[in-house]
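See below for the structure under consideration.
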Amino acid sequence: QVQLVESGGGLVQPGGSLRLSCAASGSIFRLYVMGWYRQAPGKERELVATITSGGSTNYGDSVKGRFTISRDNAKNTVYLQMNSLKPEDTAVYYCNAHRTWVGAGVLDYWGQGRQVTVSS
């Protein structure tokens, strides 16, 4: 069982920056792949970025070169630094914790979501 509490985000002008944080509790943080997903009005939820306990990262094509995911295992926290923001980045951003056992099962947990709005 993992509880994810998100903070940060907000309103920013195009070209600006925002930062999201996600604090995890209730389990062993280092065993989970952490990620960020987003959902805009009328759109399906899409991958933003993921990061393994060892620091390997993966990014969605639309955010490559602009967003950076990181994690601090000692603080049980994952971050998303968002730079050069565009209006199309406007969405609710969700923190995700994922764990898979081969031949056993999958655990998937979600944060409550934080609004990011990019507008002039």
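Label-to-label distance for A104 and L31 is 0.7 nm, based on points extended 7 Å past Cα in the beta-carbon direction. The charge dipole of the chain, taken about the Cα centre with unit charges on the Cβ atoms of Lys, Arg (+1) and Asp, Glu (-1), comes to about 200 debye, rounded to the nearest 20.
Computed over protein heavy atoms with a 1.4 Å probe, the accessible surface of the chain works out to 53 Å² per residue.
When the chain is treated as a Gaussian network with alpha carbon springs shorter than 10 Å, the biggest mean-square fluctuation among W101, W110, W36 belongs to W101. Counting protein heavy atoms only, the stretch 29-77 has 45 percent of its accessible area on carbon and sulfur, 1.4 angstrom probe. Relative to the compact-globule estimate of 2.2 N^0.38 Å, the Cα radius of gyration of the stretch 27-88 comes out at 1.19. What's log10 of I(q)/I(0) for the stretch 56-120 at q = 0.22, 0.23, 0.24, 0.29 Å⁻¹, Debye sum over Cα points only, no solvent? Log-scaled intensity ratios, in q order: -1.13, -1.18, -1.23, -1.37.
Within straight-line reach of K86, meaning a Cα separation under 25 Å, sit the following lysines at least 8 residues removed in sequence or on another chain: K43, K64. Seen from every direction in turn and averaged, the convex hull around the alpha carbons of the chain projects onto 7.5 nm².
The values are calculated or read from the model by the stated rules, or taken from the named source; none is laboratory data. Because the structure is a prediction, the values reported are computed rather than measured. Neighbour counts run over all protein chains shown; Cβ positions are idealised from the backbone, glycine included. Areas reflect the complete protein model, heavy atoms only, side chains present, ligands, DNA and RNA absent. Shrake-Rupley method; radii C 1.70, N 1.55, O 1.52, S 1.80 Å.
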